[in-house]
1. What tally of residues in region 102-139 results from selecting those that are buried (at least 19 other Cβ atoms within 10 Å of the Cβ) and outside any helix (DSSP H, G or I)?
2. Would you be able to tell me the number of residues in region 89-101 that are within 12 Å of Glu72 (Cα to Cα) and open to solvent by less than 40 Å² (accessible area, probe 1.4 Å)?
3. Having 3 or more residues that are more than 13 Å from the chain's Cα centre (by Cα) and at pLDDT below 95 is the bar; report the helices (runs of 4 or more DSSP H) wholly within region 31-101 that clear it.
4. May I ask you to list pairs of residues, at least six apart or on different chains, whose Cβ atoms are under 7 Å apart, with the first in region 19-45 being over 18 Å from Ala64 (Cα atoms) and the second being among the basic types (Lys, Arg) and surrounded by 12 or more Cβ atoms within 10 Å (Cβ to Cβ)?
5. Would you mind telling me which numbered condition in (1) open to solvent by 90 Å² or more (accessible area, probe 1.4 Å); (2) within 29 Å of Phe98 (Cβ to Cβ); (3) small (Gly, Ala, Ser) Ala49 fails?
6. When you check Ala76 against the structure, is it small (Gly, Ala, Ser) and open to solvent by 40 Å² or more (accessible area, probe 1.4 Å), yes or no?
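The values are calculated or read from the model by the stated rules, or taken from the named source; none is laboratory data. Source: prediction; values computed, not measured. Ideal geometry is used to build each Cβ from the backbone, glycine not excepted, and the neighbour counts take in all protein chains shown. Ligands, DNA and RNA are stripped out before the accessible areas are found, and what is left, the full protein with its side chains, is counted by its heavy atoms. Shrake-Rupley method; radii C 1.70, N 1.55, O 1.52, S 1.80 Å.
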Amino acid sequence: MDAAAPALALGLIELGGQVRFRHPLVRSACYDHANEYDRTEAHRALAEATDPARDADRRASHRAPATVPPDEDVAAELVRCADQARARGGLAAAAAFFGRATELTPDRTTRCARALTAAERRTREWHLRKVFAKLGISSRRHLRTALAERSTTTPG
């Protein structure tokens, strides 16, 4: 707690059941100035403290940067999160999860397949955004809703 004393004294953070930053820029500044080891350990601790049943995406998002060598278990978790994000209409999140899963995949054949899927999803998201923009639909919420409804209906 001695390391947190200056930030507490300045009102930049609050300590309780969790650390709360006064502003997102304070959190970003702390993260940017931390060394690689401290960042990795912070992500590891956050992943361990996150309930996988309640917040799988957040847990996977912290496990990934805490994983240095390729790790199929973490990569598979990211793929599951990508599939769930896609089902919710979160194409950008799905592509990001797949991209990181690709980086952490040890098997070359599987890595190649995941890289292809990530590229296809990024391309699809980009094309959909362009089409929506031409139609004057700029709301991400509308895009997510349309995609989510589409994924739950079966073609008749």
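1. 1
2. So in region 89-101, the residues within 12 Å of Glu72 (Cα to Cα) come out as 100-101.
Now drop any that are not open to solvent by less than 40 Å² (accessible area, probe 1.4 Å), which leaves 101.
The qualifying residues number 1.
3. Those helices (runs of 4 or more DSSP H) span 36-49.
4. Phe21/Arg27
5. (1)
6. So Ala76 does not fit the description; no.
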